[in-house]
Structures are given as structure tokens and as C-alpha cells.
1. Among the residues of region B:68-117, which ones are touching a Ser or Thr at 6+ places or on another chain (Cβ under 6 Å) and open to solvent by 50 Å² or more (accessible area, probe 1.4 Å)?
2. Of all residues in region B:155-166, which are within 22 Å of the chain's Cα centre (by Cα) and open to solvent by 60 Å² or more (accessible area, probe 1.4 Å)?
3. Kindly indicate whether any position in region B:205-213 is open to solvent by less than 20 Å² (accessible area, probe 1.4 Å), in contact with a strand residue (DSSP E or B) (Cβ under 7 Å, 6 or more places away or on another chain), closer than 22 Å to B:Phe54 by Cβ and part of a helix (DSSP H, G or I).
4. Out of B:Leu130, B:Leu143, report the one residue that is open to solvent by less than 10 Å² (accessible area, probe 1.4 Å) and within 14 Å of another protein chain (Cβ to nearest Cβ).
5. Would you call B:Thr124 at pLDDT 95 or above, assigned to a helix (DSSP H, G or I) and within 15 Å of the chain's Cα centre (by Cα)?
6. Restricting to region B:2-32, name every residue that is hydroxyl-bearing (Ser, Thr, Tyr) and modelled with pLDDT of 95 or more.
7. Might you let me know whether region B:98-106 holds any residue that is in contact with an Asp or Glu (Cβ under 7 Å, 6 or more places away or on another chain), under 22 Å from B:Asp168 (Cα atoms) and within 14 Å of chain A (Cβ to nearest Cβ)?
Amino acid sequence: MPEPVQPLTFLAADDAAVCDPVTGVCAAPDDESEVGNDDGARGEGAASAR
Amino acid sequence: MTATDSRLEIEVWSDVLCPWCYIGDARLEQAIAASPQADRIDVTIRTFQLDPDFPAEPTPVVDYLSAKKGLPVDQAEQMEGQVAELARAEGLAYAPNHPVQNTLDMLRLVHLGNSRGVGWQYMTAMQAALFSGDPEAFAADTLVRLGTELGIPETEIRGVLASDRYADAVRAEHDEAIALGARGVPFTVLGRRLGIPGAVPTEAYGQAIAQAWEQVDA
């Protein structure tokens, strides 16, 4: 019998950057995307697709 | 068990081709190094294949982004440039037009690495090769070189590459992450109690480690 999965407590992480397997996009929160990004691209996030 | 011999296991689900895993791993390493209990923390890499449909041959990431996402090349280059800047801020090499390719073989080798206690190091070595723009990052000879540098026998590495060994383990760890609540990677679990979805600042990793220790020592 596999061990039952215990529910985790999740850290509140509004500033987390994650790669989404559904969309294929690796998006950053807006504050991180602002690094070196002064051309109005805020909202796009620093993103890549994987 | 006393407080002095208790240990904390940190598991990180990751894919080689995940820039946030690459960046998050570096931040997590910094946070662990700064922890007063650093010598009592065990880090285990878990695998999470982001996209089984990645091309079978190396493809420049900008070409891949524009083809898969329909992005103009200049926008894809801009996106990669932004991620590169964040990586470099962590002291990591990042070539904005690095190659992408299916990562299943790499992830199977990470499991081989875990069987020898060097899975984390194998994953980070693969990421460093790939994101630094090595055009041979996915080549068998490169994977053999990186593995043997960690003490894994070449015959074992080539044996895995010539088979489907650990493919089931890759799928099982993917399913386990989903069952734990992951919706992407990196996905970090501390002591099987506290989860961190995504890459967070080094300070946040440090706070999570401190919080997890409170539970270990409770």
C-alpha cells in the first residue's frame, strides 16, 4: 500500500516564479521582470516557454 | 531523537530545462549555506518533466519560443534576455539562445545519480552546461562526462541511455508532485510538511527553512 499523501502547508509566495507545464511558459512575477526591463514590458513578466 | 540529531529533508522537483529551477536551486543552496543547521539538511532532487513533446534534436530556444508560442523573434529574444539577467544576478551563466531538447534522458540519469547520492549535483551540472549555451549539452558524451566527474561509472550511464531504465521513476515522481499540489516547477517540499510553489527569493527560502525546523524540533 502506498503511503497516503499528507496535505502540505504552502508558503505564501506571491513573488514565486514558476514554469507551468500546461502553458509551457516560465513566467516571473512582475517585480522580478523589472530587472533590466525599462521598456514597458511589465506585465509580460520575464518569461520563457519550455 | 534529540534536537541535535534531527535532520530536515528538502525535496526539489525540477526539470533540467526550467530556468526558474536553475535560478531557484542556486538561491536554495545559498539559503541552506546560511542556515545554522546547514549540516543537518539533506537535499534530494526529484524529477518533473515539463514538456514530453520537446524536440528530439537540439533547437535554439529563441527558434523554439517563436515556433511554439508564435512569438516574434525579437520578443522571444527579449524574454530570454530578461531571464538571463536574473540568472546572472545569482552568479549563474545564462546564454539567451541556449539549446532546448527533450529532457527525459537527462531526468532518467538524475535518478541514476540519486541512486549514487549525487542526483542534485548531476542535475545542477546538466543545467549549468545547458544554460551556459553548450551546444553539446544534450549529447551522450557530455552526459557521460558530467556523470563520471561525479563518480558514476561510464558503463552505468551508457547503460541507462541505451535502455528505458528510470522512465517509470520519472513518471512516478511527476505524479507524486501533482498529488502533493504542484502545478509547476520548481516545487520545493520541506520535511513533507511545507511546500514552496516556484522559485522564491533567497530570503524566502531561508524563512521557509527556519519554519520547517520549528516543526522538526517541535
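The values are calculated or read from the model by the stated rules, or taken from the named source; none is laboratory data. As the structure is a prediction and not an experimental result, all values here were calculated from the model. Cβ coordinates were reconstructed from backbone atoms using ideal geometry, including for glycine residues, and neighbour counts include every protein chain displayed. For accessibility, only protein heavy atoms count, side chains too; no ligands or nucleic acids. Shrake-Rupley method; radii C 1.70, N 1.55, O 1.52, S 1.80 Å.
1. Within region B:68-117, B:Val73, B:Ala93 meet the criteria.
2. Across region B:155-166, the qualifying residues are B:Arg158, B:Asp164, B:Arg165.
3. Looking for residues that are open to solvent by less than 20 Å² (accessible area, probe 1.4 Å), in contact with a strand residue (DSSP E or B) (Cβ under 7 Å, 6 or more places away or on another chain), closer than 22 Å to B:Phe54 by Cβ and part of a helix (DSSP H, G or I), one finds none in region B:205-213, hence no.
4. Within the list B:Leu130, B:Leu143, the selection yields B:Leu130.
5. Yes; evaluated as a whole, the condition is true for this residue.
6. Residues satisfying the conditions are B:Ser14, B:Tyr22.
7. Yes, region B:98-106 contains a residue that is in contact with an Asp or Glu (Cβ under 7 Å, 6 or more places away or on another chain), under 22 Å from B:Asp168 (Cα atoms) and within 14 Å of chain A (Cβ to nearest Cβ).
Yes/no matrix, rows are residues, columns are (1) assigned to a loop (DSSP other than H, G, I, E, B); (2) among the acidic types (Asp, Glu):
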residue	(1), (2)
B:Gly91	yes, no
B:Tyr94	yes, no
B:Asn97	yes, no
B:Asp105	no, yes
B:Leu109	no, no
B:Leu112	no, no
B:Trp120	no, no
B:Ala129	no, no
B:Glu136	yes, yes
